[in-house]
1. Could you give the C-alpha radius of gyration of chain C expressed as a fraction of 2.2 N^0.38 Å, taking N as the number of residues it contains?
2. Looking at the calculated P(r) for the range A:163-281, what percent of the C-alpha pair distances fall above 20 Å?
3. Based on the Cβ-Cβ distance of residue B:97 and residue B:152, what FRET efficiency does E = 1/(1 + (r/R0)^6) give at R0 = 45 Å, to the nearest 0.05?
4. If the viscosity is 0.890 mPa s and the temperature 25 °C, what translational diffusion coefficient in µm²/s does Stokes-Einstein give for chain A when Rh comes from Kirkwood over Cα pairs?
5. Take the alpha carbon atoms of the range B:32-66, find their center, do the same for the range A:95-109, and report the distance between the two centers in whole angstrom.
6. So for the pair residue B:330, residue C:28, with labels modelled 7 Å out along Cα→Cβ, what separation do we get in nm?
7. Return the whole-Å distance between the Cα centroid of the range B:83-144 and the Cα centroid of the range C:155-183.
8. For the range C:15-128, compute Rh as the Kirkwood radius over C-alpha pairs and then the Stokes-Einstein diffusion coefficient at 25 °C and 0.890 mPa s; write the answer in µm²/s, rounded to an integer.
């Protein structure tokens, strides 16, 4: 059984599983995006792009992902590096950094709303310090910028741990001799990080970035909690069409758009962060 | 690894063991979702039903998805459905005719019963409970009430002036409006603002009167707490003091009155040039065609309409009875505060009741969206009122024509699709 | 494995300054992560009046009223059990399906490899609530509806991409030579995998397990649609969290977080199990 059949054998369970529980329902939904009242049509996509909220939702989603993901990448690398260099308390630090993993986006939205709300913790702090006379409205409809900042902070807080855990697991595999050798030759910590850690971490980096980017396009609960109706995003519009407007066809079109963006970016990162076979340890 | 295997085995065995045992009726509802209310419905309302009920709530998305799945699969576990008028309009064709259900001697509100036919000649759902929207104010706000204004006869102009006074005297806008994603803002525009200014909901959508209405609302919006775009339930900002005067569904104001009964007053919705427009909220009970035990389901529907059940429901959810009952004295503070105000509002000489949209089928959501979009574009986006109304009117007309829905109150009955002038 | 914590590290004098920086960074990052959690707990342990009061208190008054509402809720125990069961099954399924696939992707070049990776990623890029309807119809027809295993299968589609990709990147990081060395020493491929590779891949498997568990634990939509009698904790109590009074929102949020934290705590050491393989 060794030889050519083995990889297919190993992939078989996952493939069969995905065919039944993902591809089949997916095909049904995708089909709805291209039909209306039984006939083939692109009207659903036209309705989607013609909606006045569409450009706003589209750009908000892109902008959020473009800001949040790079910051998270840097923070996750920082966390993973710090954890890997700790001599004592490593387990505790890792645990603390991983805590947000256990928190649903619903709860995360709630927590950050309690902070930024007009009668929230941040305002309490500011007025206790005498910095403001009366509570500041961070999340009002005129202050789109502060809403945006609040959402970015909440997203960074909530979802950096996902990348961090993947990177920590990957860093554990980098042979220590590499670092020690570099140290002997007098390489600075920064240089060691750039020349050794980053290249050797490439497989994990790739995974972390791709997964995080895909999730970034599904951002919804935190945005809804903090931004209300002020910050439409693609996922929110999908739900709106599916459940409030009860138009499954247009909702399916939105979902396919999200999929297309994610797939496009995934291909991009797969290419940029390719792991050539000869570069492996 | 071995531990893992044991765990897997045990888990699998257990997952097979649970399940089965379906002696009880599953009551699948979008109402009484706040956990405390759910609990009260289970423990106080349904406990005395002869035969077990499993009361499960779900948000609109899962509620509908589950129901659609059972209908598509052709068999299901849901026995009885609970939802708002709008929830049922999309699945009307798959609901059992309830006209034969024996509800004993109770007298059911006829107008609501007719709504429950969803424009067909079958009783698609039976009215279950009703509510409406009211205004609530923090007592601190009363000192800024404009001279000569009577809370029970308040007008939109007075409300604007009042909110302006409060904003200027306290330094921050304190009118509140549930304009968040889960807020019920569309009902305000459909059933309160439009009728009050135009005497219509659909026909005069882009009239000059409608333009005035939107401009008035824009004026009020200047004195409205900008956080309003985050609010779903006005009871919370009322309790925190972020908001002093608010408009919302009674069930979404109740907590403020129950927690601090002495701090708040309730009063009717304001009146405009065309009258005091107001809209009821009607929840109903229905039975899907896939209901596993039809007789038991019908018994539960009848049980929900019994006067004792209706009173227990009022206590649990702040939704009022739809049958003739005498309310006892031991009511929660919120019910005591709202009851007389609702009577004042509906009995006012200028009262102008607006009905929930009928005959729209699954276009109900899109109908609401016309009003919400108008609000977001005119008030939040600052777009030109005339232009937005023209565009939205086109969308509205397309919807009404597609559904061929005749007019409903306050618009005059029409032959064929309700016109949008 | 136990040598991890006390691994000797050469510490030249120049490192002193670096160490301070390191400690400061750890503290800063910990505060960033913990502060919001702390505020959640403060709110969960405050009375309803305090939750809506302004200015807010930064210390809890240890009012257990809101929390005990959840704990005393009829059926909480059963729902908690269902949640644990579904999460555990999800964990087992996603690792069982995902790890072999991850290994195949990292060790072999074969036609169809790209397609498979793509398929896996696609599952994560499509909103689940839209898939819920066809899935529910399928489940009702096949009898999987309202079972823990049925819901776990759906959650597995969410967790599988994590499992496949994480194990893939981990296996790719393990030198092929190690495996080859084992073969030359007389191990079969299976033995080599079990004795050499698997222990090294433990952190990745642990990470996948963490993801699978927390994804399943926090998933609301499919749970609300696909379970009726056997509701999970999230579907049972907290799907309407957004509409409950503020103090219950916080208590519910906290109640949901705690079990997930216990789970992460339980598996955290595996994340580090093979730290620094070169020293072995």
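No value in this document is a laboratory result; all are computed from the given coordinates. The structure presented is a predicted model; accordingly, all values stated were derived computationally and were not measured. A quick note on method: Cβ atoms are made from the backbone with ideal geometry, for glycine too, and the neighbour counts reach across all protein chains shown.
1. 1.22
2. Tail of P(r) above 20 Å: 59 percent of Cα pairs.
3. According to the calculation, E is roughly 0.60.
4. Translational D for this selection: 112 µm²/s.
5. 29 Å
6. Each label point is offset 7 Å from its Cα along the Cβ direction, giving 6.1 nm.
7. 57 Å
8. Details: Rh = 19.8 Å.
Approximately 124 µm²/s, per Stokes-Einstein.
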